[in-house]
Amino acid sequence: MKLMPIRWQVRSLAAIAMLFLTSCGLLPGEQPSNPLTGTWATPDRNQVTFRGNDIVLTPDKGAATTMGPGDCNGVYKLQYGRMMTGSLEQSFPSQPDLQSKLKQLLTKPEYPVADVTCDRGGTTYLMLDERRMIAVYRDAGVGGLETYSRL
């Protein structure tokens, strides 16, 4: 019985698999990185930090708050992904100025996003490029817009 060649083949396959995963940027148990992860700030120095399953909000002159179900009357949801922007540009028919700003900023058909629902409102964060992000706030059919830069 020749066990040595079989062990060598198994080790070779394991080494090749590890090289493949490493070259793709993934290791076993790792998720692909989220491009929004990190800290972003407004011109007024308010900050938002994306940390996997939670968001930390830090006002310019205040204490940091980690958002979660306790802060949102039990209704909290955070989803990361990509979003087609066409429908977002039409989401605020009673606010033509906001629609116009969104059309000017959103020049690509889709963007990486983090969508946060808190109680009855929410925020969609769209990463425009490596250094810029916008937050589109929505609450009871009314929207708002804020710009962020990566720190």
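Give, as a single signed number, the net charge of other residues whose beta carbon lies under 14 Å from the beta carbon of residue 57, with Lys and Arg counted +1 and Asp and Glu -1.
Around residue 57, the surrounding residues sum to -2.
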### Summary
Charge tally for neighbours of residue 139 with beta carbon under 11 Å away, counting Lys, Arg as +1 and Asp, Glu as -1, is +1
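Here, each number is a calculation from the coordinates, and none is a lab measurement. These numbers come from a predicted model, not from an experiment. Here Cβ is always computed from backbone atoms with ideal geometry, including for glycine, and neighbour counts include all displayed protein chains.
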